[in-house]
Amino acid sequence: MNTATSKTLTDWCFTQLGGGDGTKDGEWLKVSSFPTTVHVELLKLKKIPDPFVGLHEWDVQWVGEAEWAFKTTISVTKEELAGPNVDLVFDGLDTFATVRLNGKIILQTDNQFIAHRVPVKSDLHVGDNELLLYFASAFLKGRDIENAHEKYVLWNGDSSRLHVRKAQYNYGWDWGPILMTIGPWKPIKLETYKTRITDLDIRSLVSETLDVNLTANIAFSDEYPGFASFTLKKPDGSVEIASEKIPISSGTAKAPFQWKAGELQLWYPVGYGAQPLYTVEVVLFDPNGTVLDRKTHKTAFRRAVIVQDKLLGQDGLTFLFEINNVRIFCGGSNWIPADSFLTTMTAERYRAWLQLIVDGNQNMVRVWGGGIYEHDDFYNICDELGLLVWQDFMFGCGQYPAYDSFVESVREEAIQNVKRLRHHPSVVIFAGNNEDYQVAESFNLELDYSDETSDFRNTNFPARYIYERVLPAVVNEHSDVYYHRGSPYSGFGKRTTDRTYGDIHQWNVWHGSQEPWHNWDILSGRFVSEFGMQGYPNIRTVDYWLGGNKAERSPQSRSNTNHNKADGFERRIELYLVENFKHSFEIESYVYYTQVMQAETLASAYRLWRRNWGGRGKEYTAGALVWQINDCWPVTSWAIVDYFLRPKPAFFTIARELRPFTVGMTRKEKKTFADDRSAANFTITTVLEIWGTNSTLSDKTVTLEVTSFDLDSDWIDKWEKEVTLAANASTELHSGKLAGQPDRTKLSEVPKTIVVSARLLDNESVLARYSNWPEPFKFIHYPPIENLGLKVEVGADGESVTLSTKKPIKGIVLDVEGDEVKWSDQAIDLVPGDAQTVQAVGLKGRDVKVRFLGDGTA
């Protein structure tokens, strides 16, 4: 046999060992798809209830503690056995598996994230061969391993997870259920070959002058005396360069190439340029020119640098991403696994999620360290769409061990996944863990940040050896991607809460000190890689998990409580609601008010932090990644889009704050005392500040139009001026007294309800708009509905809605009865003289339901 062949094994069946709730003793059930896991198959066979509905999560816990087996028959031909090498390749087994081929143990696994290749030529025979996979319970095995070693501290889940190299969110998280998956979760293949390509390492170095140096390092399975070819194809499929006979020496080959600046197309993040993808093809030949193996993958060329420079007027250093010499403000999201059952994810679902991120004007996604190294489809689509990827290693919220067997498993896991991901232009940073340094700080573990030389394995924070020794060595040896020890991580001897270095997770809104969301500006950091606020999902999603049980259709029901996993969520949701809104506990109202609260909170963060992107030397905040974009099941969480891909209002308010041009405002009360002795004699002045942002690379001259309205009268003030928005920066546009708001000398003087609308106009085009309302909203006496003059007009096409009003209206959310609509905007603030049209795909001319603050339902 010459050319390498690969066939994916199909036609599997499975059983519960010893019988039980899943299968009868000795009963083998045919799987519906492959790869797969046990819950997925039992659900399709209707042998378990849907754990996403009601309290059924707790009815399927036995699945994760049972033992399961999968088997198939491999039909092998004489020709397949004639070649020198026949391997079984297991891309991923979840998690503790013993593999038998014709009764012989050929593999034992203990790491979900590792692929295995097993030579089986001598164990196969012509005809039918039985392949049997036996899976032990990862939960029970983890408890055994923990008992044999040590019990460590953590946030979220069972402490035994720290010893198990399995997706950590399976153990339950503060947004996810306990669903311990088990089974062959990635493909299994039979491969035959004479010699094969074992590694294709494409390193492209783009210099500061944007010259490109590419080196292809190729490794082969043995020192077979052949040759290789290397071809680089342009995005249009034509050949850029071809090297036809590359000599092989000691099982390796190398091919270097160079291009001057401009000769290759460079890859840019979305919004900054195109995403041209080149195709690399390497072919292995025997001495006679017969093809033995070939490998292809897409790649691209870009210069990606993490810049940590001194700042003007502030302590610390920047932490920013520079792509092809362009400094990027990273507005994006954190990504968790998009399903509790990973094998149900398809390329189409990944594309729908990632396209939604781009449609929301985001340019970065962080793959969080408690899930998985994502499927190839995820990174391929990020490459295509221009999404930058922040990639964590899979350690989350814990005091992980570092005994020898654990470290060696982690090392192999890291090598395999760094090699798999390194060619993706989207991947711009590897981070060692999620919040493990914060765990160490909170539990007062041994953590001397000034110590850069110790081994750390004999301390009570042994995993520091992994994050500071093992992982950086793997990343540096096998890629050119930047390595960051953790997220958050400050470096420079500072704690993770330091706001002047590295990245921070800003949880003092919701968690921590539970600050008002209006304080985001004083809670900023150099790069905010996590922050969030909860909000209920679409009422249709709530009704899904209620499963038709109308008695549970209340915010305080047991089912709704089970579908929010955050400790103390009722107190915290209610804290932020009661501080800011008058609201009702009727379920649809409660859903609406939590959604508007989330929308206001998160938009405020992006608005205030983007203001801190002030240009060269003033990049005081260089990124904001919301926790989180998605959910793994139907739940109330911090997600801005729910499990069924239904965007919450927050998705749209964030999208508005991440447009190429935005306008922002704050109003702050300044209290001045007559002298330093009196507390009774003072003046309160309300100051309005306005700024604009411009993420394009050219200055932009626009008209700033500012209109102020008194909600309780017909008073209006309007002014405008020409302003220039600096390129790739925020620009301060105005600071002065709030028009229409008299100074106050007593706290009993109630301020007027002045609503300020600011717009950036480019001739007739509205580039940006924002309305600033007095807060908290609960103090506002909204006008009677009949006095608003609100018009909701469905367009002639039946797929658009135009909104107009005679009085300012806050927080408009649109919906319909029946089949849902894909809206282009939500959580809309509307003012007189500024009608807004919302696209409504699927509306089909139906009547529109409208919710807003002061609509009479609170």
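The values are calculated or read from the model by the stated rules, or taken from the named source; none is laboratory data. All values reported here derive from a predicted model rather than from experimental measurement. Because the Cβ atoms are built from the backbone with ideal geometry, glycine has one as well, and the counts that use them run over all protein chains shown.
Would you check which residues across the stretch 540-564 are part of a helix (DSSP H, G or I), surrounded by fewer than 17 Cβ atoms within 10 Å (Cβ to Cβ) and either not assigned by TED's automatic domain parsing to the domain that holds Cys632 or not charged (D, E, K, R) (or both) and list them? Working first, answer last.
Our first condition is that a residue be part of a helix (DSSP H, G or I); within the stretch 540-564, this holds for 540-546, 550-552, 558-562.
Add one more test, that the residue is surrounded by fewer than 17 Cβ atoms within 10 Å (Cβ to Cβ), and what stays is 540, 543, 550-551, 558, 561.
Across the stretch 540-564, the qualifying residues are Ala551, Thr561.
Can you name every residue in the stretch 209-241 that is touching an Asp or Glu at 6+ places or on another chain (Cβ under 6 Å), under 27 Å from Glu384 (Cβ atoms) and not charged (D, E, K, R)? Full working, then the answer.
Within the stretch 209-241, the first condition is being touching an Asp or Glu at 6+ places or on another chain (Cβ under 6 Å), and the residues that meet it are 217, 219, 226, 229, 231-232, 234.
With under 27 Å from Glu384 (Cβ atoms) added as a condition, the list becomes 217, 229, 231-232, 234.
Hits for the stretch 209-241 are Asn217, Ser229, Thr231, Leu232.
For a quick check of your reading: which strands (runs of 3 or more DSSP E) sit entirely within the stretch 167-240 and have at least 3 residues that are surrounded by fewer than 21 Cβ atoms within 10 Å (Cβ to Cβ)? Steps first, please.
Details: elements: 188-193, 197-206, 212-220, 227-233.
So the answer is 197-206, 212-220, 227-233.
Quick check on this structure: which one of Asp236, Asp201, Asp174 is under 34 Å from the mean Cα position of the chain (by Cα) and in the same structural domain as Val53 (by TED's automatic domain parsing)? Even if it seems obvious, please write down each step before you answer.
Details: Asp236 fails: in the same structural domain as Val53 (by TED's automatic domain parsing); Asp201 fails: in the same structural domain as Val53 (by TED's automatic domain parsing).
Unique residue meeting the criteria: Asp174.
If a residue has to be modelled with pLDDT of 95 or more and assigned to a loop (DSSP other than H, G, I, E, B) to count, how many in the stretch 267-286 make the cut?
So the answer is 11.
Just name the residue that is farthest from Gln362 (Cα to Cα) out of those in the stretch 287-307 that are part of a loop (DSSP other than H, G, I, E, B) and touching a residue at least 60 places away in the same chain (Cβ under 8 Å). Let's see the steps before the verdict.
Narrowing the stretch 287-307 to residues part of a loop (DSSP other than H, G, I, E, B): 287-290, 300-303.
Imposing the further condition that a residue be touching a residue at least 60 places away in the same chain (Cβ under 8 Å) reduces the set to 287, 290, 300-303.
Working: Pro287: 51, Thr290: 47, Ala300: 21, Phe301: 21, Arg302: 19, Arg303: 20 Å.
So the residue we want is Pro287.
Name the residue that is surrounded by the most Cβ atoms within 10 Å (Cβ to Cβ), counting only residues in the stretch 11-33 that are of a type in the set (Ser, Thr, Tyr) and free of Cβ contacts under 8 Å to residues at least 60 places away in the same chain. Lay out the reasoning, then the answer.
Within the stretch 11-33, the subset of a type in the set (Ser, Thr, Tyr) is 15, 23, 32-33.
Next, only the ones that are free of Cβ contacts under 8 Å to residues at least 60 places away in the same chain stay: 15, 23, 32.
Details: Thr15: 20, Thr23: 22, Ser32: 12.
The selected residue is Thr23.
Out of (1) in contact with a Lys or Arg (Cβ under 6 Å, 6 or more places away or on another chain); (2) part of a strand (DSSP E or B); (3) not polar (S, T, N, Q), the odd one out for Leu814 is which?
Checking Leu814 against (1) in contact with a Lys or Arg (Cβ under 6 Å, 6 or more places away or on another chain); (2) part of a strand (DSSP E or B); (3) not polar (S, T, N, Q), the one that fails is (1).
Do we have Lys582 as charged (D, E, K, R), assigned to a loop (DSSP other than H, G, I, E, B), surrounded by fewer than 23 Cβ atoms within 10 Å (Cβ to Cβ) and touching a Phe, Trp or Tyr at 6+ places or on another chain (Cβ under 6 Å) here?
Details: charged (D, E, K, R): yes; assigned to a loop (DSSP other than H, G, I, E, B): yes; surrounded by fewer than 23 Cβ atoms within 10 Å (Cβ to Cβ): yes; touching a Phe, Trp or Tyr at 6+ places or on another chain (Cβ under 6 Å): no.
Taking the combined requirement at face value, the residue does not satisfy it.
For (1) surrounded by fewer than 19 Cβ atoms within 10 Å (Cβ to Cβ); (2) assigned to a loop (DSSP other than H, G, I, E, B), each residue gets a yes or a no:
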{"position": "Gln355", "(1), (2)": "yes, no"}
{"position": "Gly370", "(1), (2)": "no, yes"}
{"position": "Tyr379", "(1), (2)": "no, no"}
{"position": "Pro401", "(1), (2)": "no, yes"}
{"position": "Ser405", "(1), (2)": "yes, no"}
{"position": "Ser409", "(1), (2)": "yes, no"}
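Which residues, taken from the stretch 622-637, are buried (at least 24 other Cβ atoms within 10 Å of the Cβ) and touching a strand residue (DSSP E or B) at 6+ places or on another chain (Cβ under 8 Å)?
If the condition is that a residue be buried (at least 24 other Cβ atoms within 10 Å of the Cβ) and touching a strand residue (DSSP E or B) at 6+ places or on another chain (Cβ under 8 Å), then Ala622, Gly623, Ala624, Leu625, Val626, Trp627, Ile629, Asp631, Thr636 are the ones that fit.
Looking at the stretch 172-217, which of its residues are over 25 Å from Thr252 (Cβ atoms) and of a type in the set (A, V, I, L, M)? Steps first, answer last, please.
Taking the stretch 172-217 first, the residues over 25 Å from Thr252 (Cβ atoms) are 172-188, 190, 207-211.
Within the stretch 172-217, Ile178, Leu179, Met180, Ile182, Ile188, Leu190, Leu210 qualify.
Mind telling me which of the residues Gly331, Gly273 ends up being surrounded by 21 or more Cβ atoms within 10 Å (Cβ to Cβ) and of a type outside the set (Val, Ile, Thr)? Write out each step before concluding.
Details: Gly273 fails: surrounded by 21 or more Cβ atoms within 10 Å (Cβ to Cβ).
Among Gly331, Gly273, only Gly331 is surrounded by 21 or more Cβ atoms within 10 Å (Cβ to Cβ) and of a type outside the set (Val, Ile, Thr).
Filter the stretch 450-486 down to the residues that are of a type in the set (S, T, N, Q) and within 23 Å of Asp498 (Cβ to Cβ), then identify the one that is surrounded by the most Cβ atoms within 10 Å (Cβ to Cβ). Don't jump to the end; show me each part of the working.
At the first step, the residues of the stretch 450-486 found to be of a type in the set (S, T, N, Q) are 450, 453-454, 458-460, 476, 479.
If we keep only those that are within 23 Å of Asp498 (Cβ to Cβ) as well, we get 450, 453-454, 459-460.
Details: Ser450: 6, Thr453: 5, Ser454: 14, Thr459: 18, Asn460: 15.
By that ranking, first place goes to Thr459.
If you scan the stretch 457-497, which residues turn out to be of a type in the set (Gly, Ala, Ser) and within 22 Å of the chain's Cα centre (by Cα)? Walk me through it before giving the result.
Residues of the stretch 457-497 that are of a type in the set (Gly, Ala, Ser), as a first pass: 463, 473, 479, 486-487, 490-491, 493.
Matches in the stretch 457-497: Gly486, Ser487, Ser490.
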